[in-house]
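Structure, as structure tokens:
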Amino acid sequence: MKKTATEYMATIEEYGGDILASDGMRSEKQFVQHGGTTTYSHSLAVTVMCLRIAAALHLKMHERELVRGALLHDYCLYDWHKPHKGLHAFTHPKIALENASRDFGVGKIERNMILSHMFPLGRFPRFRESAVLCLADKVCAVRETFHRKKSQKSEQCEV
Ligand SMILES: [Fe+2]
Ligand SMILES: [Fe+2]
């Protein structure tokens, strides 16, 4: 049976409540990711999208890793619109991984999820959780970029 947004949020709270409540993650509310969407809202929307894709495709997943890797995939903690070292598209997965490892610790699945979420740029997705994140991130990025006005009306991207 199809889950509701509230049920998906309960799963995210269960596995990633500590991440959502952290100072680092909360600081992402000040950074714009795409259009008018903050990095915090984007990360949450991508996580819900990962769970929805996994359910729709009936894919057996490591749900805890899926949630945590998705929440942390853009955990680079800077405004990528401002001047910074390197090309964001290529450098931010590694920065996100360094920050996520420092603040929460990550296993091999979350590690590959974060490093490969920009595929075909960068690393190859080695796990099904990584492939799902890669797809979910692109779906949400397109939606956020082309639904700018709608996104600006609410802090949390519609899931
Ligand atoms: Fe990213
Ligand atoms: Fe992203």
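The values are calculated or read from the model by the stated rules, or taken from the named source; none is laboratory data. Note that the structure is a prediction, hence the values are computed from the model and not measured. Please note: Cβ atoms are built from the backbone with ideal geometry, for glycine as well, and neighbour counts cover all protein chains shown.
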Query raised in the report: So which residues in the range 122-136 are within 12 Å of ligand 2 (Cβ to nearest atom), surrounded by fewer than 23 Cβ atoms within 10 Å (Cβ to Cβ) and touching a residue at least 24 places away in the same chain (Cβ under 8 Å), if there are any at all?
Result: 135
Requested in this report: Pick out the one residue from 147, 73 that is surrounded by 15 or more Cβ atoms within 10 Å (Cβ to Cβ), modelled with pLDDT under 95 and on the phi < 0 side of the Ramachandran plot.
Outcome: 147
Query raised in the report: What tally of residues in the range 100-140 results from selecting those that are under 15 Å from residue 64 (Cα atoms) and basic (Lys, Arg)?
Result: 3
Requested in this report: Evaluate the range 85-93: report whether one residue or more is out of contact with any helix residue (DSSP H, G or I) (no Cβ under 8 Å at 6 or more places or on another chain), part of a helix (DSSP H, G or I) and surrounded by 17 or more Cβ atoms within 10 Å (Cβ to Cβ).
Outcome: yes
Query raised in the report: Regarding residue 20, is this residue surrounded by 23 or more Cβ atoms within 10 Å (Cβ to Cβ), hydrophobic (A, V, I, L, M, F, W, C) and within 24 Å of residue 145 (Cα to Cα)?
Result: no
**Report entry** Every pair of residues 6+ apart whose Cβ atoms lie under 6 Å, when the first sits in the range 78-99 and is within 12 Å of ligand 1 (Cβ to nearest atom) while the second is among the β-branched types (Val, Ile, Thr)
**Finding:** 93/114; 96/114; 97/114
Query raised in the report: Considering 68, 64, 52, which residue is charged (D, E, K, R), buried (at least 24 other Cβ atoms within 10 Å of the Cβ) and assigned to a helix (DSSP H, G or I)?
Result: 68
Query raised in the report: Right, residue 119: within 14 Å of ligand 1 (Cβ to nearest atom) and in contact with a strand residue (DSSP E or B) (Cβ under 9 Å, 6 or more places away or on another chain) or not?
Result: no
